[in-house]
1. List the lysines whose alpha-carbon lies under 24 Å from that of Lys399, not counting same-chain residues fewer than 8 positions away?
2. Angle between the Cα long axis of helix 287-296 and the longest principal axis of the chain, 0 to 90 degrees, nearest 10?
3. How would you order 115-122, 423-430 from highest to lowest mean count of nearby Cβ atoms within 10 Å?
4. Lys271 to Lys210: extension gain in nm, 0.36 nm per residue of separation minus the Cα-Cα distance?
5. How would the stretch 221-432 be classified by its alpha-carbon gyration tensor: rounded, prolate or oblate, with rounded meaning a/c under 1.5 and the a/b versus b/c comparison settling the rest?
6. Of Met222, Val256, Thr321, which is farthest towards the positive pole of the stretch 221-432's charge dipole, taken about the Cα centre with +1 and -1 on the beta-carbons of Lys, Arg and Asp, Glu respectively?
7. How high is the relative contact order of the chain? Use alpha-carbon pairs under 8 Å, at least six apart in sequence, and give a whole percent.
8. Go through 65-71, 409-415, 368-374 and give me the packing order, highest mean Cβ count within 10 Å leading.
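No lab work stands behind these numbers, since they all come straight from the coordinates. Quick caveat: nothing in here was measured; it's all calculated off a predicted structure. So basically every Cβ, Gly included, is an ideal-geometry build from the backbone, and we count neighbours across all protein chains shown.
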Amino acid sequence: MKRRTFFKTTAAASAAVTAAPAIWSEAKAQARNETLLIVTESPPNSMDIHGVGANRPAYEVSWNTHDRLITYGVKKDANGNDHYDYTFRVDFTRADKLTMPDIGVPVPVVMNSELCKKNATANDPWAMEWCRNNHASGGAYKVEKWQPSQEVIFVRNDDWKNGPLPKIKRVVQRIIPSAGNRRALLERGDADLSFDLPSKDFAELKTAPKLTVIGTPIENAMVYLGMNVVNKPFDNVKLRQAVAWAIPYQQIMDTVMFNQAIPLFGGADNKCKGAYWPQKDGYTTNLDKAKTLMVEAGYPTGLDTTISFDLGFASTNEPLTVLIQENLAKIGIKTTINKIPGANWRAELLKKQMPMITNAFGGWLNYPEYFFYWCYHGQNAVFNTMSYKNPTMDALIDKARFTTGKEYEEAVKGFVDIAFEEVPRIPLFQPLLNVAMQKNITGYRYWFHRQLDYRQLAKG
């Protein structure tokens, strides 16, 4: 798809969204101040966060329906908005700084073991199939109704004893694929809140008087272009470097993100800038350098490949991928765009066969080694979408987990330098978590997992 064709198509679609349907009919039976209507682009594909292939929207279901053994406190960020924080310290016999924070992420939930055992079978001893569509939970909310790809309805669990009872009694999460319709519903007052609008909409809505818009940099997160380093052609480091010099970084910032993100390109060089992550590398758009590297890599006449993205977040992924496709063609890399439905995206990542992808990853714990452990380590977790393995990198990541001070800083510098040199994934930008909501909604809190916590919300 050509960029001009894509933007003409999206412009035509935007012009057709003024007749967005009213969607409050089912919720009218509840008092408006006790019901929250969320409009979102991508639906959960499972009720169980432990299920194979559970996607990011499934994390939100888990976060609001299950309790955990520990959680995080709250502080104010620089803009005065609520932000999660640490609450206390526990010393373990093994000095792994990730042990305690890991217990507070969305995955290690408290399950009703008796209910799980009751629905287990010989072929499914952990009741994974049953949990995919049902809940063995006792958190602040219960799932009243789930229509895949359409809506999830949560109701408050009035028997919940592990915290103050939420003020919002009912949450309707409605799946509206059209970004224009989601925006229209918000501006008309028919919907209460939405995260996943295009950056252009958030940039415009920030100046609108009707809504509150909050943008928070997502810690330890990036949007990137990843390349499978196991299979040809991207097993060639010079080819990967050629791609890194061909990315239209500033165009992406201007025309896709509308500067609602933090650039991760254009640093002084490809060296680590400090013991933090993400940070800028030294790549910029330089097609001459990219073409030279194409020759050095053994591809003087170019090549054909496929670039894939998650259709569940198409409002960003599609224009981003179109721009990358257009620029790669200038150095001889012809790409076919593969649009994968959001419900299938995680399963496709698990296969680790896609040659090139645009994707986002955020490390839940704000440590460089946490990001690298999941995304670059030779354990080859699902989030190591490039199947990258480097024993030197592994040793540095492992060292950072158990050291502090100068040793820690040297370890971080070592693995960041390798990542910038070998570029199995090319950082594009650090995203913001933007949320638009009606003025009468209070209590919004940013969380590292990028999902909405209903427990603190209230409507005036």
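1. Here the lysines satisfying the reach criterion relative to Lys399 are Lys97, Lys271, Lys273, Lys280, Lys389, Lys413.
2. 70 degrees
3. Top to bottom by mean Cβ count within 10 Å: 423-430, 115-122.
4. That works out to 17.5 nm of additional length.
5. Rounded, since a/c falls under 1.5.
6. Positive-end residue among those listed: Thr321.
7. 22 percent
8. Per-residue mean Cβ counts within 10 Å order the peptides as 368-374, 409-415, 65-71.
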